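The values are calculated or read from the model by the stated rules, or taken from the named source; none is laboratory data. Because the structure is a prediction, the values reported are computed rather than measured. Counting neighbours? That spans all protein chains shown, and the Cβs are built from the backbone with ideal geometry, glycine included.
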Amino acid sequence: MSRALEQPRIRRRAAFEPGERSIVSPLDKKRSGPRILIWVGTILLLVVVTLVCVGPLAWLFKASTSTSNEILANPFSLWPTGLHWENFTQAWAKVNFGRYFLNTLWTVGGSTILALIVATTGGYGLAVLKPKYAKAVFVAVLATLFIPGVISLVSLYLTVNDLGLLGTYPAVWFPAETSAFNILLVQRFFASLPAEIFEAARIDGAGPFRIFFSLVLPLSRPVIGVVALLSAIGSYKDFLWPLLALPDPAAQPISVVLPSFSHSMPLAQFMAVLFVSVLVPVALFMVFQRDILRAAGNSGAVKG
Amino acid sequence: MTRITSPAPPPRAVRRQAADAAARRTTIGSPGTSGAHPGAGRRAGGKVRRWVRAGGLSTLVFFLPTLVVFALFSWWPILRSLPLSMEQTNFISTQWVWFDNFTKVLSDPLLPTAVLNTTWFTVLALVIGFPVPLILGIAIGELRRSRQIAAVFVYLPVILPPVAAVLLWQTFYDPSSHGVFNTLLGWLGIGPLPWLNSAGLAMPSIVLQATWASFGTATIVYLATIMSVQTELYDAAEVDGSGIWNRIWHITLPQLRGVILVLLLLQLIGTFQIFTEPYVMTGGGPENHTLTILMLIFRYAFVSGNYGTATALSVLLAIGLGILSFVYLRVTRRWSNS
């Protein structure tokens, strides 16, 4: 049993950890020509990656703590009149930020919880219970991966309207759960659990519900975490669908309502709003970077 | 697929049935007679009861969330698109108009503009966005202590909400000589460039932003694949005296081929459906120079209220992408076989 628990974890840990060797070998590093080249290349790579990827965020922080005039006069001046934290409080007061954060919490939270329910029950049915129709369901779910999302944009809007959901949060939640990728992820994980433990539980008289709640769910904490993270980030990033499903700006989450702020406040305050809106996902990413990167790396293999 | 239900130890359902049959046999006392086969009238009910007893109902309960959500919000809208593309509809009445929507779309003078713009976007995104992740993935794979931090940095733009990233870049693209990018270019003695205000530069500017926002995804996939490349091959190649470039060309790239092919197709499909970046950054301007197909669909449906026309264009785009994928898979299959 404990071996079964460890096995997937070991494989997953190894994903980004330094292996024994790579393209460039220890021998190459001993020769002086390649050694200098490798050294220069490494420094160059790290500097460029940092400037390109972190630079814009660092600038955003600088801009959100400067005055609008400072940003407009010289975008690279470093706080000539000190840090202006008041941008945050002024922006907060101006746009009723609290409301949009609640909206965001509500859309992201609902989507994530529902995604977990759909992915775990569906994954359990497909990987463990496997009734006769499982194959057909699996194929139908996978097929949606290959159909471009654009085809159902308008008809989804009309369907949601027919169901009377337009303008309500479930209109944002439910379409977000039609993620074949989540189900595939969970199905694969459940299928990798040893069949003997389910057999043993069944012989001990546990029914499918009992097995699900006291065996499968506790065992699948890692994959549940990944699905939750991916759904939360995906739902926080989503723009077009929540824009359509929640026509009332007062109900929209922060990432949808952002563009409307750009002309209604001074530049520095707007930068402060942008900074706050990226802070949440960046903080989440920093805390769970290993799990998120592992899932992102595997997604290619799954899609392949 | 059949690891749990079918093999050696008889599943609960079968054992239950066997036990039931055995019980009946003992009560009736005549083995091999009708005891195991309920009467014709009871057969249907018995079937259902047996199904329920075998766990069929509880299995269905587990499938219910998936089935309901996919049926209502994925399968049904996809199927509904086909008839919808031949209807003229508002929220009150619906009229069947056959192919009118398609002729309307195809005769719209904005359609060629949108198709050309979208193709231009796709080509530019491919030229900039395809080699960068591949090179970065290989390079980051060579790092030792700084690999994890480099991977984190590369993936950082992907985590940001696209709208926030687009609005930030909109600020960078300030056309005055004091804009962020124009200041940088000014240090090199270039510019100031008009960026989003110019008909020619607007689309490349959007591509640059979109590439920045998404290159981390492909980089991390390549990196993860490279980390799983068999390292013995490198040792063997090195013993045979092959240099670093040779190892990349003959070992790393061939092992990445499958992933490269898939990511390329996904990128093509994704970029043809580009919406958020031009919608937020330029709104399609200047003078429709950044109007994309999806923005045109959006305008038909949610600005003019022509849902049928919008769906007709969606269907056309989906068919186009389907053909593209089919041809792509055909061509690359031949290529990877040879």
Residues to consider are A:P175, A:P148, A:P131; find the one that is surrounded by 16 or more Cβ atoms within 10 Å (Cβ to Cβ), within 22 Å of A:S231 (Cβ to Cβ), free of Cβ contacts under 8 Å to residues at least 60 places away in the same chain and of a type outside the set (F, W, Y).
A:P148
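Please go through segment B:106-127 and give me each residue that is over 18 Å from B:Q273 (Cβ atoms) and part of a helix (DSSP H, G or I), ordered by number.
Initial filter on segment B:106-127 (over 18 Å from B:Q273 (Cβ atoms)): B:106-109, B:112, B:127.
Selection gives B:L106, B:P112, B:V127.
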Could you pull out the residue among B:L313, B:L268 that is in contact (Cβ under 8 Å) with a residue 12 or more places away in the chain, in a helix (DSSP H, G or I) and facing chain A (nearest Cβ under 10 Å)?
B:L313
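Quick check: anything in segment A:84-95 part of a loop (DSSP other than H, G, I, E, B) and either free of Cβ contacts under 8 Å to residues at least 24 places away in the same chain or within 21 Å of A:V276 (Cβ to Cβ) (or both)? Explain how you work it out, then say what you get.
From segment A:84-95, those part of a loop (DSSP other than H, G, I, E, B) are A:84-85; that's our starting set.
After this cut, where a residue has to be either free of Cβ contacts under 8 Å to residues at least 24 places away in the same chain or within 21 Å of A:V276 (Cβ to Cβ) (or both) as well, the list is A:84-85.
Yes, the conditions are met somewhere in segment A:84-95.
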Enumerate the pairs (first residue in segment B:62-85 and under 18 Å from A:T121 (Cβ atoms); second residue anywhere and part of a helix (DSSP H, G or I) and of a type in the set (F, W, Y)) with beta-carbon separation below 6 Å, excluding pairs fewer than 6 apart on the same chain, so at least 6 apart or on different chains.
B:F62/A:Y124; B:V69/A:F174; B:F73/A:F174
So, in segment B:135-150, exactly how many residues are more than 7 Å from chain A (Cβ to nearest Cβ) and buried (at least 20 other Cβ atoms within 10 Å of the Cβ)?
3
Could you give me the residue pairs with C-beta distances under 9 Å whose first residue belongs to segment A:36-54 and is under 20 Å from A:V282 (Cβ atoms), whose second residue is outside any helix (DSSP H, G or I) wherever it lies, and which are 6+ apart or on separate chains?
A:L46/B:L143; A:L46/B:S146
Is it fair to say B:A13 is touching a Lys or Arg at 6+ places or on another chain (Cβ under 8 Å) and either charged (D, E, K, R) or at pLDDT below 75 (or both)?
yes
Starting from segment B:108-119, keep only residues that are surrounded by fewer than 15 Cβ atoms within 10 Å (Cβ to Cβ), then list their pairs with residues that are hydroxyl-bearing (S, T, Y) and modelled with pLDDT of 95 or more whose Cβ atoms are within a distance under 8 Å, requiring at least 6 positions of separation or different chains.
none
Can you tell me how many residues within segment B:69-97 are within 17 Å of B:A310 (Cβ to Cβ) and part of a loop (DSSP other than H, G, I, E, B)?
5
Got a sec? Which helices (runs of 4 or more DSSP H) wholly within segment A:109-210 have at least 1 residues that are in contact with a Pro (Cβ under 8 Å, 6 or more places away or on another chain)?
A:153-162, A:170-176, A:180-192, A:195-203
Can you find a residue that is outside any helix (DSSP H, G or I) and over 30 Å from A:V273 (Cβ atoms) anywhere in segment A:211-227?
yes
Looking only at residues in segment A:64-79 that are assigned to a helix (DSSP H, G or I) and small (G, A, S), which one is nearest to the chain's Cα centre (by Cα)?
A:S64
Do we find that A:A283 is over 29 Å from A:L142 (Cβ atoms), within 11 Å of chain B (Cβ to nearest Cβ), within 20 Å of the chain's Cα centre (by Cα) and not hydroxyl-bearing (S, T, Y) in this structure?
yes
B:F153 fails exactly one of the following numbered conditions: (1) farther than 21 Å from A:S262 by Cβ; (2) surrounded by 23 or more Cβ atoms within 10 Å (Cβ to Cβ). What is the number of that condition?
(2)
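Going by the structure shown, is B:Q170 more than 30 Å from A:R290 (Cβ to Cβ) and not in a helix (DSSP H, G or I)?
Working: more than 30 Å from A:R290 (Cβ to Cβ): yes; not in a helix (DSSP H, G or I): no.
Judged against the criteria, B:Q170 is not a match.
Quick one: is B:F326 crowded, with 20+ Cβ neighbours inside 10 Å and either modelled with pLDDT of 90 or more or not aliphatic (A, V, I, L, M) (or both)? Write out each step before concluding.
Values: crowded, with 20+ Cβ neighbours inside 10 Å: no; either modelled with pLDDT of 90 or more or not aliphatic (A, V, I, L, M) (or both): yes.
Spelling it out, it is not the case that B:F326 is crowded, with 20+ Cβ neighbours inside 10 Å and either modelled with pLDDT of 90 or more or not aliphatic (A, V, I, L, M) (or both).
Restricting to segment A:246-267, and then to whatever is part of a helix (DSSP H, G or I), aliphatic (A, V, I, L, M) and more than 11 Å from chain B (Cβ to nearest Cβ), can you tell me which residue is nearest to A:Q90 (Cα to Cα)? Break it down stepwise before answering.
Narrowing segment A:246-267 to residues part of a helix (DSSP H, G or I): A:249-251, A:254-261, A:267.
Checking which are aliphatic (A, V, I, L, M) leaves us with A:250-251, A:254, A:256-258, A:267.
The next check asks that each one be more than 11 Å from chain B (Cβ to nearest Cβ); those that pass are A:250-251.
Numbers: A:A250: 19, A:A251: 22 Å.
Result: A:A250.
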Does any residue of segment B:228-243 turn out to be at the interface with chain A (Cβ under 7 Å from one of its Cβ atoms), surrounded by 15 or more Cβ atoms within 10 Å (Cβ to Cβ) and hydrophobic (A, V, I, L, M, F, W, C)?
no
Here are the criteria: (1) among the small types (G, A, S); (2) touching a helix residue (DSSP H, G or I) at 6+ places or on another chain (Cβ under 8 Å); (3) in a loop (DSSP other than H, G, I, E, B). Tell me which single one B:A151 does not satisfy.
(3)
Surrounded by fewer than 24 Cβ atoms within 10 Å (Cβ to Cβ), facing another protein chain (nearest Cβ under 8 Å), modelled with pLDDT under 90 and in a loop (DSSP other than H, G, I, E, B) - does that describe any residue in segment B:179-195?
yes
Among the residues that make up segment A:65-73, is at least one of them away from every other protein chain (no Cβ under 11 Å), at pLDDT 85 or above, in contact with a helix residue (DSSP H, G or I) (Cβ under 9 Å, 6 or more places away or on another chain) and over 24 Å from B:T225 (Cβ atoms)?
yes
Would you mind stating whether B:T219 is over 16 Å from the mean Cα position of the chain (by Cα) and within 11 Å of chain A (Cβ to nearest Cβ)?
yes
Restrict the check to segment B:84-94 and report whether at least one residue is facing another protein chain (nearest Cβ under 8 Å), surrounded by 11 or more Cβ atoms within 10 Å (Cβ to Cβ) and at pLDDT 85 or above.
yes
Only one of B:I319, B:I248, B:I260, B:I323 is aliphatic (A, V, I, L, M), farther than 30 Å from B:W195 by Cβ and more than 24 Å from the chain's Cα centre (by Cα); which?
B:I248
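Do you know which residues across segment B:286-302 are closer than 20 Å to A:T159 by Cβ and of a type outside the set (F, W, Y)?
Within segment B:286-302, the subset closer than 20 Å to A:T159 by Cβ is B:294, B:297-298, B:300-302.
Scanning segment B:286-302 gives B:L294, B:I297, B:A301.
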Do we have A:S192 as surrounded by 22 or more Cβ atoms within 10 Å (Cβ to Cβ), touching a residue at least 24 places away in the same chain (Cβ under 8 Å), more than 9 Å from every other protein chain (Cβ to nearest Cβ) and among the small types (G, A, S) here?
no
Six or more apart or on different chains, Cβ under 6 Å: which pairs go from a residue in segment B:183-194 that's within 13 Å of B:F172 (Cβ to Cβ) to one that's of a type in the set (S, T, Y)? Could you list them?
B:P192/B:S177
Which ones in segment B:197-247 are in contact with a His (Cβ under 6 Å, 6 or more places away or on another chain) and either under 27 Å from B:F153 (Cα atoms) or part of a helix (DSSP H, G or I) (or both)?
B:A202
Looking only at segment B:75-128, how many residues end up being aromatic (F, W, Y), touching a helix residue (DSSP H, G or I) at 6+ places or on another chain (Cβ under 9 Å) and more than 26 Å from B:I206 (Cβ to Cβ)?
6
